[in-house]
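A short worksheet on the structure shown next.
A short reminder: the numbers here are calculations on the coordinates, not readings from a lab. Computed from a predicted model, the values in this text were never measured in an experiment. Every residue, glycine among them, receives a Cβ derived from its backbone with ideal geometry; neighbour counts consider all protein chains shown.
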Amino acid sequence: MNQKFEQLQTHLDRFMALNTAITLFDWDSDTTAPPAATERTAKVKGILANEAYHALVNPEVEQLLNELKGHKDLDEIQTAIVKQLCEDFEKTAAIPAKENQEFKELVSHSICAWARAKKEDDFSVFAPYLEKLIAYQKKFADYRKKEGQTRYDVLLNDFEKGFFIEDLDRFFDKIKQAVVPLLKEQKAKEKGIDKSYNFLCYDIEKQKEFCAWISEYIGFERERGVRSEGEHPCTTNLHRDDVRITNHFYENNLESAIFSEIHESGHGIYEMGISEKLSQTPIGGGASCGMHESQSRFYENVIGRSKAFWKPIYGKLQETFSEQLGEVSLEQFIAGINLAKPGLIRTESDELTYCLHIMVRYEVEKKMINSDYPVEKLPELWNDLYEEYLGVRPQKDSEGILQDIHWATGDFGYFPSYAIGNAFAAQIYHTMKQQMDVEAILEAGELDKIKQWLGEQIHQYGMMKSAREIMKDVTGEEFNPDYYIQYLEKKYK
Ligand code: ZN
């Protein structure tokens with residue numbers, strides 16, 4: 001092995017270990033830690049974040065990276081690691097260590113303030129934190145901005161490399177043109193579908209049992225994964241052999257837990273499928289947030305809401321909840337899980353309105369980061385946009401601007417990745433169907449074939465390729481949102 005790379009590896013191991021510890025604390029805060037732990041744990045996490053910062057940002061690493069950049073001796077993986085580290089280094093070094101630590105501590109407190117604000121339905125509890133988070137992100141973006149970029153461009157590019165305001169304005173405009181008329185058509189159809197079965201009382205323990213089963217059915221491996229509960233379903237990746245997902249169960253909503261389970265399992269399958277050689281390196285995660293979402297949404301929506309998927313397993317669900325579903329036919333269930341209806345909550349929205357929920361957040365974020373929009377006026381802006389795009393207006397902030405955790409964790413610019421992920425998934429599906437009979441595979445319950453295809457085409461590469469490169473290699477053409485529009489039109493027309 002290249003000697004310089006070996007020296008770099010020592011720093012890298014330390015950097016990865018500290019980050020793994022931070023991730024584990026995050027998981028613990030989400031699932032297990034008591035509320036009173038926040039203050040002390042925030043301090044510990046702040047110190048660890050500072051250590052992680054110095055493990056990467058130090059003169060020795062800087063020199064090694066300079067020497068290794070473009071070095072001919074490195075193999076493909078080493079080259080990709082060096083390239084990624086140079087980017088991480090540039091991004092991290094641009095922000096003073098003290099400010100980075102202060103920001104991390106602020107995030108820990110903000111999450112608690114957000115949770116309390118949401119619970120008490122009181123935006124004013126979260127507002128002062130949000131104001132500080134926005135101020136930090138603006139300052140950080142200013143440190144890193146390249147010529148011709150706005151602050152929000154910097155943040156967008158962090159989550160989805162190669163996507164800027166210009167691309168997203170165009171993308172969302174296209175989606176809006178297609179979705180709004182489709183949604184109007186749905187209103188007429190909606191009346192004939194009875195979905196009341198979904199809101200009956202469903203025993204939580206039985207839901208948990210079924211979700212554990214369906215997670216494994218689609219390919220989440222129990223030996224390398226953990227399932228738990230949290231306020232907000234999410235996936236945490238320590239490395240490919242320790243992937244953790246959470247879910248949230250509601251007594252009066254069966255769909256919520258089932259589709260969250262399929263969604264997070266989709267994320268988990270991606271992480272478990274990353275090549276062994278890449279795991280626990282700086283390129284050992286998913287290619288981008290959008291690519292990650294494309295995988296979770298592919299499982300959740302593209303196949304998970306299809307009749308072919310449910311045909312072999314609906315009987316099991318019916319058996320588990322015979323009292324509630326005994327009289328509900330497969331056809332009725334499929335119509336129910338595909339019902340498009342504008343609502344207030346993003347995570348409970350259907351495939352058709354989902355992107356409109358994202359567009360609201362995109363417009364709000366643009367105002368937050370690229371202007372001096374007053375924080376106290378954000379809830380009203382949010383409500384106005386919901387009325388404009390979806391025709392519904394939140395009556396309380398807990399169902400409005402307080403519903404998502406993302407801003408509390410300081411992640412501005414993340415939401416658009418969800419919409420891009422949907423579009424990636426539709427384009428990937430278009431290619432997959434040309435190469436195999438997806439419907440027959442689903443009807444036969446051979447989900448491993450789907451997992452294998454995605455693993456070979458996408459998962460194994462981790463971050464060796466960018467999302468745009470993956471799209472090109474898998475589908476033979478550049479990212480093209482038209483496939484997504486065709487997919488929605490075919491499904492909802
Ligand atoms: Zn997701």
Flagged in segment 17-62 as farther than 27 Å from Cys112 by Cβ, touching a Ser or Thr at 6+ places or on another chain (Cβ under 7 Å) and not β-branched (Val, Ile, Thr), in numbering order, are Leu56
Notebook entry, point to check: Does Leu325 qualify as being closer than 30 Å to Thr236 by Cα, buried (at least 17 other Cβ atoms within 10 Å of the Cβ) and more than 16 Å from the ligand (Cβ to nearest atom)?
Noted result: no
Within segment 412-440, restricting to residues that are part of a loop (DSSP other than H, G, I, E, B) and touching a residue at least 60 places away in the same chain (Cβ under 8 Å), the one that is nearest to Ile218 (Cα to Cα) is Tyr414
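Restricting attention to segment 214-228, report how many residues are touching a residue at least 40 places away in the same chain (Cβ under 8 Å) and farther than 23 Å from Glu331 by Cβ.
7
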Over segment 264-279, the set of residues within 15 Å of the ligand (Cβ to nearest atom) and β-branched (Val, Ile, Thr) is Ile269
Pairing a residue in segment 243-271 that is acidic (Asp, Glu) with any residue that is in a strand (DSSP E or B), where Cβ atoms lie under 6 Å and the two sit 6 or more apart in sequence or on different chains, gives Glu261/Asn247; Glu264/Thr235; Glu264/Ile245; Glu271/Asn237; Glu271/Val243
Here the residues within segment 248-274 that are within 30 Å of Phe164 (Cβ to Cβ) and assigned to a loop (DSSP other than H, G, I, E, B) are Gly273, Ile274
Expected output for segment 23-37 (first residue under 16 Å from Glu229 (Cβ atoms) and without any contact (Cβ under 8 Å) to a residue 12 or more places away in the chain, partner among the polar types (S, T, N, Q) and outside any loop (DSSP other than H, G, I, E, B), Cβ below 7 Å, 6+ apart or cross-chain) is Ala33/Thr41
Here the residues within segment 142-165 that are at negative phi and either among the basic types (Lys, Arg) or more than 22 Å from the chain's Cα centre (by Cα) (or both) are Asp142, Tyr143, Arg144, Lys145, Lys146, Glu147, Gln149, Thr150, Arg151, Lys161
Note on Ile95: of the conditions (1) in a helix (DSSP H, G or I); (2) touching a Phe, Trp or Tyr at 6+ places or on another chain (Cβ under 6 Å), unmet is (1)
